[in-house]
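Visitor: To start, I am sharing the structure in question, which I have written as structure tokens.
Any read-out appearing in this document is the output of simple, stated calculations on the displayed coordinates, not a laboratory observation. What you see is a predicted model; the values in this text were computed from it and never measured. Note that each Cβ is placed from the backbone with ideal geometry, even for glycine, and that neighbours are counted across all protein chains shown.
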Amino acid sequence: MCRIQDYGKFLYEKDKSDRAARKKQKVIVVKEVKFSVTVDEHDYQTKKNRAVRFLSDGDKVKASLRFKGRQMAHRELGYAIINRLIQDMGDIGVVEFMPRMEGTTLHAILAPGKKAEAPKRPAAPKPPTPDIAAPPRPEA
């Protein structure tokens, strides 16, 4: 069995359905948060909060830590910072790529957790309108 149709119309409809499918898909972006071995507490908290915001937006986070010079002798300090970040994320972020050294950089990748994606709440129901009409006004 075969069907005869206009090829231009077929291409138009196919393009239209492809465009509609692209509208609905979510593009996942990997955003990076950079730390150093000598990061101070406030700077750590600021960068952690930035990572939480990225994860709640649905993006992945790459936490990287660069060692400079003699800091390579104390890699355990870098691992402690990255592991602390992973612990602080809790359910917000799931570790997709455990901390690993590549050259002088230590990095890990976190993906959004189940609870990070905010479920859309249904709109609040409107209060019921009374069916009783207003009482008649007295004539003056």
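Visitor: Determine, for Ser36, Ser17, the number of other Cβ atoms within 10 Å of each Cβ, and report the residues in order from fewest to most.
Guide: Ranked by crowding around the Cβ, least crowded first: Ser17, Ser36.
Visitor: If you average the sequence gap of Cα pairs under 8 Å that are 6 or more apart and divide by the length of region 27-112, what percent do you get for the contact order?
Guide: 33 percent
Visitor: For Lys16, list the aspartates and glutamates whose Cα falls under 17 Å from its own Cα; do not include residues on the same chain fewer than 8 positions away.
Guide: Once the sequence-local aspartates and glutamates are set aside, what remains near Lys16 is Asp6.
Visitor: So if R0 is 41 Å, what FRET efficiency would Glu96 and Ser17 give, r being the distance between their Cβ atoms, rounded to the nearest 0.05?
Guide: 0.80
Visitor: Taking a 18 Å limit on the Cα-Cα distance, which of the listed pairs Lys24/Lys48; Lys60/Lys114; Lys31/Lys60; Lys24/Lys62; Lys24/Lys114; Lys31/Lys68 fall beyond it?
Guide: Lys24/Lys48; Lys24/Lys62; Lys24/Lys114; Lys31/Lys68
Visitor: Could I ask something else about it? Which value, to two decimals, describes the C-alpha radius of gyration of region 1-74 once divided by 2.2 N^0.38 Å?
Guide: Compactness ratio reported: 2.13.
Visitor: Separate question: When averaged across all projection directions, what area in nm² does the alpha-carbon convex hull of region 27-112 cover?
Guide: Spelled out: convex hull of the Cα atoms, projected over all directions, averaged, 5.2 nm².
Visitor: Here's a follow-up. Give me Phe35, Phe10, Phe97 sorted ascending by neighbouring Cβ count inside 10 Å, so fewest comes first.
Guide: Listed from fewest to most nearby Cβ atoms, that is Phe10, Phe97, Phe35.
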